[in-house]
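Nothing in this text is a laboratory measurement; each read-out follows from the coordinates by a stated rule. What you are looking at is a predicted structure, and each value in this text was computed from that prediction instead of being measured. Neighbour counts run over all protein chains shown; Cβ positions are idealised from the backbone, glycine included.
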Amino acid sequence: MQNPILNPPQKQHQHGDYSLSEVSLANRNSGTLLETLQHDITPIGAHYLLNHFDVPYVSNASDWQVTICGQVDQPLSRSLEEIIRHATQNSLARTHRVTLECAGNGRATLEPRWPSQPWQVEAVGTSDWFGMPLKYLLQETQLASSAKEVVFYGADKGVDAGTIHHFARSLSLADAMHDDVMLVWQMNDQALLPQHGFPLRLIVPGWYGMASVKWLNKIEVIDHAFTGHQQTGTYVYRKDRGDNGTPVTSIRVKSLLVPPGIPDWSSRKRLVKPGIVPLVGRAWSGNGVPIVKVEWYRDSEGSDDQWHIATLEPSKSKYAWSKWTANWHSTPGKHILSCRATDACGNTQPLTPAWDIAGFGNNAVQQVEVWCEAF
Ligand SMILES: Nc1nc2c(c(=O)[nH]1)N[C@H]1C(S)=C(S)[C@@H](COP(=O)(O)O)O[C@H]1N2
Ligand SMILES: [Mo]
């Protein structure tokens, strides 16, 4: 019999009930609790998780080595201890508040859906990431003039679509040298948790999460375009299987609201009393582009509404989400609440998802079902 791990059947889109493998992925890769959108910084442990393979076991962080190889005059190896000492002695260490979102966020709301981590809306979070701009490490070696891309390897290894590989992603040399791309060893003032990349990861602000390689232990400078599985086999926007596609890069404009009132345990539908219901949520976009407008909408059976302008608190950090608030005068009955953000480049969220075969980049508006009744 053929080994099904190395000779997997082609993935097929799914309708209806979730498969056991999707449920297993959902159990491993938790989403942010939407009520924590109240916090400027997602509490540690409530940040969403996306791990393709197993979390590497690291017993001693100070032994952690990063090698830089490929198109460099001389390969270089640095321990995390040396990196931290270099950053501290030269005042290179800094904190960036960054909103991270998984490119697959929203995948499960597409019909039919791609069998993968079945995110609805919850794969987003904001942290204070502490470390050093990556460029200072790259500058410790002489890059060859042929250097074109920089590939970042994680210590985690597994199989996807029959291909055995370490999780690895590349950036163009220019993107890798960008001031804001960070080598990170702390999250919210404590060491990275094992599942968030302990002891060292990359943070690429403004990009979807796949670029922020965790458990970083190898950096390879190459003179061609990287074709690893996580670069070209996935994280590419495709309308159909034959499509060459375009790489997934920066985050698309998006917003969420904290579901108001109280939830029903199993359906997560909401119950509110008639009257003023405060609404609060977050809005963000990619590449450090600020949010300029958030609107909210109430779709109630038998009555028409319009988009209302919410109050927007501008973000204090370039790459972090903004908070928005509004007051809803709720009336008895069933309502669907939505919010919609617009960024400074004029991008706004669509009402229905754009089709993508693997459900990437879905920034369609969230829909929250709320029942209003005196109780
Ligand atoms: N080494 C490694 N890095 C990785 C991943 C991974 O599976 N392995 N997942 C990526 C993806 S798809 C996302 S969305 C982010 C998630 O980061 P978090 O789990 O810390 O929220 O990590 C990225 N970095
Ligand atoms: Mo992701």
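Along the charge dipole of region 1-104, which of 4, 46, 60 sits closest to the positive end, that is, farthest toward it, with unit charges on the beta carbon of Lys, Arg, Asp and Glu (+1, +1, -1, -1)? Result: 60.
Quick one: Kirkwood hydrodynamic radius for region 104-239, alpha-carbon pairs, angstrom, one decimal? Display every interim value, and only then the final one.
Values: mean 1/r = 0.0620 Å⁻¹.
In region 104-239 this quantity evaluates to 16.1 Å.
Determine the calculated [θ] at 222 nm for the chain from helices alone, applying -39500 (n - 2.57) to every DSSP H run no shorter than 4 residues and normalising by the residue count; nearest 500 deg cm²/dmol.
Values: 4 runs with 28 residues, N = 375.
About -2000 deg cm²/dmol.
Percent antiparallel among DSSP beta bridges with both residues in the chain, to the nearest 5? If I count the DSSP bridges inside the chain, around 90 percent turn out antiparallel. Take every DSSP beta bridge whose two residues both sit in region 254-372; close to 90 percent of them are antiparallel.
Once backbone amide H atoms are built at 1.01 Å from N, residue 72 has 144 as its partners under 5 Å, excluding neighbours fewer than 5 places away on the same chain.
Take region 33-180, compute every pairwise Cα distance, and split them into 10 Å bins from 0; I just need the percent in each bin. Spelled out per bin, shortest first, that is 9, 27, 37, 21, 6, 0.
Remark: region 189-199, residue by residue, has Karplus-estimated 3J(HN,Hα) of 6, 9, 3, 3, 6, x, 6, 9, x, 3, x Hz, where x stands for each Gly or Pro and the curve is 6.51 cos²θ - 1.76 cosθ + 1.60 at θ = phi - 60°. At the listed q of 0.15, 0.16, 0.23 Å⁻¹, the Debye profile of region 254-372, built from one uniform point per Cα, gives log10 I(q)/I(0) equal to -0.70, -0.78, -1.30. Taking every lysine pair in region 254-372 that is 8 or more places apart or spans two chains, those with Cα atoms closer than 21 Å amount to 9. Calculated on the alpha-carbon coordinates, the convex hull of the chain measures out at 159 cubic angstrom per residue.
Our note on the geometry: Cα centres of region 259-299 and region 231-249, 31 Å apart.
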